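Trainee: Have a look at the structure that comes next, please.
The values are calculated or read from the model by the stated rules, or taken from the named source; none is laboratory data. These figures come from a predicted structure and were not determined experimentally. Cβ coordinates were reconstructed from backbone atoms using ideal geometry, including for glycine residues, and neighbour counts include every protein chain displayed.
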Amino acid sequence: MKVILASPRGFCAGVNMAIECLDLAIKSFGAPVYVYHEIVHNKYVVETFKKKGAVFVDDLQEVPPESILLFSAHGVSPEIRQAAKARNLTAIDATCPLVTKVHLEAIKFAKLGYTICLIGHEGHDEVIGTMGEAPEAIVLVETEEDVDKLEIAEPDKLAYLTQTTLSVDDATRIINRLKSRFPEIKGPPKADICYATQNRQEAVRILGSEAQLVLVLGSQNSSNSQRLKELAKESGTPGYLVDGAKDIVPEWFQGIETVLVTAGASAPEVVVEECLDYLVERFNATIEVRAIREEEVHFPLPKELRKLVSIT
């Protein structure tokens, strides 16, 4: 069996930055370091940090006053920031800068009196944080059908933004429907879907045609990983999303000669290597790395952490 190993895959710059933040915080301040929501949507990463002393919470009431608190890569609403201040928590903001960009766009459009259509998935941490910036101005749009149901009082004061981890194709379809219904709608100066999400989707789109099965490393609650699996299936290739080698079902590979392996933007390379080892041992697979694009993006640590641990 041949394995095509997609590149780029795995950690993006935002995830790298958030993980480095949490690692440094634990080393600098000692355990426990509290994290509002999962630092990134990956089971392996979360479990690894729990062993190091990270405590993940969904309610700030669980965080003792004056503790160290990290905001996850997905961002938080102003309400959460205020609640952290009220509890006298030392907050470290590990929000991905590309998510922060969407927050700032929401604030800008809201101040100008626009209604904002936020294209995204209900309940996702990133969507909750973005909507919290201007809840009275933002309407969540998940599908083209949602667009058809919209009733906008001032269509000439309408804008759209997107969650950063969406399927490019899905987002494009919804944006086109919005533009069809509301020709005057305004969008962000630059697309909101992050470079890493687009690159990983492009790799599956290009390389998936050469494979009979696509194996995506990532957790079930990872939006960008789910999109990779769905993209494979949309092109007619069976796609499976797994956290690691233990989730692989050998029967998937009956009659399969070529497999494409990739990983979502929050999946660590160690789980990719475990799965490759499994495929080599079980099916005598050969590995061929195929790069469709180079990534050299790096985000600096947040100012709170640079200041607290004297990093320049």
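Trainee: Given the residues GLU295, GLU288, GLU274, which is the only one that is in contact with a strand residue (DSSP E or B) (Cβ under 8 Å, 6 or more places away or on another chain) and touching a residue at least 24 places away in the same chain (Cβ under 8 Å)?
Mentor: GLU288
Trainee: Residue under question is GLU184, and the condition is that it be farther than 25 Å from GLU79 by Cβ, among the acidic types (Asp, Glu) and part of a loop (DSSP other than H, G, I, E, B); does it hold?
Mentor: yes
Trainee: Moving to a separate point now. Give the stretch 58-80 a look and list any residue that's surrounded by 15 or more Cβ atoms within 10 Å (Cβ to Cβ) and either assigned by TED's automatic domain parsing to the domain that holds GLN220 or not in a loop (DSSP other than H, G, I, E, B) (or both), or say none.
Mentor: If we filter the stretch 58-80 for residues that are surrounded by 15 or more Cβ atoms within 10 Å (Cβ to Cβ), which is where we start, we get 60, 63, 67-77, 80.
Residues satisfying the conditions are LEU60, ILE68, LEU69, LEU70, PHE71, ILE80.
Trainee: Being among the charged types (D, E, K, R) and assigned to a helix (DSSP H, G or I) is the filter here, so list the residues in the stretch 270-292 that pass it.
Mentor: Scanning the stretch 270-292 gives GLU273, GLU274, ASP277, GLU281, ARG282.
Trainee: If you don't mind, another one. Could you please find all residues in the stretch 5-33 being on the phi < 0 side of the Ramachandran plot, in contact with a strand residue (DSSP E or B) (Cβ under 7 Å, 6 or more places away or on another chain) and either surrounded by 21 or more Cβ atoms within 10 Å (Cβ to Cβ) or part of a loop (DSSP other than H, G, I, E, B) (or both)? Quick ask: steps written out before the conclusion?
Mentor: Keep residues of the stretch 5-33 that are on the phi < 0 side of the Ramachandran plot, which gives 5-9, 11-29, 31-33.
Within this subset, residues satisfying the condition of being in contact with a strand residue (DSSP E or B) (Cβ under 7 Å, 6 or more places away or on another chain) are 5-7, 9, 21-22, 25-26, 29, 32-33.
Selection gives ALA6, ARG9, CYS21, LEU22, ALA25, PRO32, VAL33.
Trainee: Working only within the stretch 205-249, note down all residues that are under 17 Å from the mean Cα position of the chain (by Cα), part of a helix (DSSP H, G or I) and among the hydrophobic types (A, V, I, L, M, F, W, C).
Mentor: First, the residues of the stretch 205-249 that are under 17 Å from the mean Cα position of the chain (by Cα): 216-231, 241-243.
Filter once more, keeping what is part of a helix (DSSP H, G or I): 223-231.
The answer is LEU228, LEU231.
Trainee: Separate question: Confirm whether LYS85 is over 19 Å from THR164 (Cα atoms) and of a type in the set (D, E, K, R).
Mentor: Taking the combined requirement at face value, the residue satisfies it.
Trainee: Quick check: is even one residue across the stretch 100-112 in contact with a strand residue (DSSP E or B) (Cβ under 8 Å, 6 or more places away or on another chain), touching a residue at least 24 places away in the same chain (Cβ under 8 Å) and assigned to a loop (DSSP other than H, G, I, E, B)?
Mentor: So far as the stretch 100-112 goes, no, none of its residues is in contact with a strand residue (DSSP E or B) (Cβ under 8 Å, 6 or more places away or on another chain), touching a residue at least 24 places away in the same chain (Cβ under 8 Å) and assigned to a loop (DSSP other than H, G, I, E, B).
Trainee: Looking only at residues that are more than 22 Å from the chain's Cα centre (by Cα) and not acidic (Asp, Glu) in the stretch 34-62, which one is nearest to SER219 (Cα to Cα)?
Mentor: Checked the stretch 34-62; the qualifying residue nearest to SER219 (Cα to Cα) is LYS51.
Trainee: Out of everything in the stretch 250-269 that is outside any strand (DSSP E or B) and in contact with a Gly (Cβ under 6 Å, 6 or more places away or on another chain), what residue ends up being nearest to MET1 (Cα to Cα)? Working first, answer last.
Mentor: Here is the first cut: in the stretch 250-269, the residues outside any strand (DSSP E or B) are 250-257, 264-269.
Remaining after also requiring in contact with a Gly (Cβ under 6 Å, 6 or more places away or on another chain): 264, 267, 269.
Details: GLY264: 23, ALA267: 24, GLU269: 21 Å.
Looking at residues that are outside any strand (DSSP E or B) and in contact with a Gly (Cβ under 6 Å, 6 or more places away or on another chain), I get GLU269.
Trainee: Do any residues in the stretch 207-218 that are free of Cβ contacts under 8 Å to residues at least 60 places away in the same chain and over 13 Å from ILE256 (Cβ atoms) have Cβ atoms under 6 Å from those of residues that are crowded, with 24+ Cβ neighbours inside 10 Å and not aliphatic (A, V, I, L, M), where the two are at least six apart or on different chains, and which pairs are they?
Mentor: Correct list of pairs: VAL216/SER225; VAL216/THR262.
Trainee: Output the residue which, of all residues in the stretch 212-246 that are within 16 Å of ILE4 (Cα to Cα) and β-branched (Val, Ile, Thr), is surrounded by the fewest Cβ atoms within 10 Å (Cβ to Cβ).
Mentor: THR237
Trainee: Shifting gears a bit: Which residue pairs have Cβ atoms under 6 Å apart, sit 6 or more places apart or on different chains, and have a first residue in the stretch 248-264 that is assigned by TED's automatic domain parsing to the domain that holds LEU215 and a second that is of a type in the set (Lys, Arg)?
Mentor: Correct list of pairs: THR258/LYS2; THR262/ARG9; ALA263/ARG9.
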